[in-house]
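*Asks:* Dropping a structure here in structure tokens format, bear with me for questions.
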Amino acid sequence: MRLVLCTLTSLIFVSLYSQTVDSLIVKLSNKICIEIGEIEQYSDFSDKFDACYDKAMRGLVADRNLGEIRLIANKDSLSKINNNIIPYMMDNCEMLKLVISKELEKPDDGVVSFPTDFNEKKLKKAKKHPDRWNGKIVAFEAKIIEVYSKQDEMPIYKVRIGEQFLIVSSAVRSGFEEKGSHIRTFGYLLTESINEMTKSEEITFLAIAVLDLRTEQLAYVPGSIMQVKQWINGQIPTAKKD
């Protein structure tokens, strides 16, 4: 009985903790959204975000809510809050949603969206000389042949490009990670392992945006809007500028 009570207590604590963190994400996101005000393009949001975030945090401290202050003082909870503010705002801040929809409008007629520049031949070269390809941004079309993890974890799956295979670790939880799915994606080739599944690989891939070719749905990492815009407008995305 004691074990059951301890387990139930732990579950209740974790649930309350998660709800409190989530509510703080909503609270801070709404404050930042109001503070940013009207913007005309996504770069305006990027320029204003840090100052508005700092002001929202100062306001939080000024409110003297000890529970909230303890959360932002905790490294793990603060990391979760920071990682989820922009994704929440992209779905719920009306001004930001409007700007993003305009930024990502379909291009003019004649522009071929979502181009690729990486194929079976280049993958062979990358495996033979991985150091030469480390950190390069590439885009390719592939078929998912095996899924190792998805949902709440970082999605990890194996794709086939021609007759070559590549392990993909996705920075975006697209929901498209299903065996047999055909995708286009852009991201970074890497020689350094970022999880257990990639330790034995010569070179792996970190996906930043994923297009499901069947549904034509696009998922991407928050903060990569300008790169996604390039891809939609027929360009291979370039590295983000600081």
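*Asks:* Name the residue that is farthest from Gln217 (Cα to Cα), counting only residues in the stretch 116-165 that are touching a helix residue (DSSP H, G or I) at 6+ places or on another chain (Cβ under 6 Å) and part of a strand (DSSP E or B).
*Replies:* If we take residues in the stretch 116-165 being touching a helix residue (DSSP H, G or I) at 6+ places or on another chain (Cβ under 6 Å) and part of a strand (DSSP E or B), then Gln164 is farthest from Gln217 (Cα to Cα).
*Asks:* Please find, within the stretch 34-45, the residue that is farthest from the chain's Cα centre (by Cα) out of those that are part of a helix (DSSP H, G or I) and surrounded by 15 or more Cβ atoms within 10 Å (Cβ to Cβ).
*Replies:* Across the stretch 34-45, the extreme among qualifying residues is Glu35.
*Asks:* Now a separate question. Select from the stretch 129-187 the residues that are hydroxyl-bearing (Ser, Thr, Tyr) and either buried (at least 21 other Cβ atoms within 10 Å of the Cβ) or within 17 Å of Ala209 (Cβ to Cβ) (or both) and write down the one among them that is modelled with the highest pLDDT.
*Replies:* Filtering the stretch 129-187 for residues that are hydroxyl-bearing (Ser, Thr, Tyr) and either buried (at least 21 other Cβ atoms within 10 Å of the Cβ) or within 17 Å of Ala209 (Cβ to Cβ) (or both), the one modelled with the highest pLDDT comes out as Thr185.
Yes or no, residue by residue, for (1) loosely packed, with under 14 Cβ neighbours inside 10 Å; (2) at pLDDT below 80; (3) within 21 Å of Asn83 (Cβ to Cβ); (4) of a type in the set (Gly, Ala, Ser):
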{"residue": "Thr191", "(1), (2), (3), (4)": "no, no, no, no"}
{"residue": "Leu206", "(1), (2), (3), (4)": "no, no, yes, no"}
{"residue": "Val221", "(1), (2), (3), (4)": "no, no, yes, no"}
{"residue": "Met226", "(1), (2), (3), (4)": "no, no, yes, no"}
{"residue": "Asp242", "(1), (2), (3), (4)": "yes, yes, yes, no"}
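*Asks:* Okay, next question. For the stretch 159-194, how many residues meet the condition of being of a type in the set (S, T, N, Q) and over 15 Å from Ile137 (Cα atoms)?
*Replies:* 4
The values are calculated or read from the model by the stated rules, or taken from the named source; none is laboratory data. Predicted, not measured: the structure shown is a model, and the values here were computed from it. All Cβ positions, glycine included, derive from the backbone under ideal geometry; neighbour counts span all protein chains shown.
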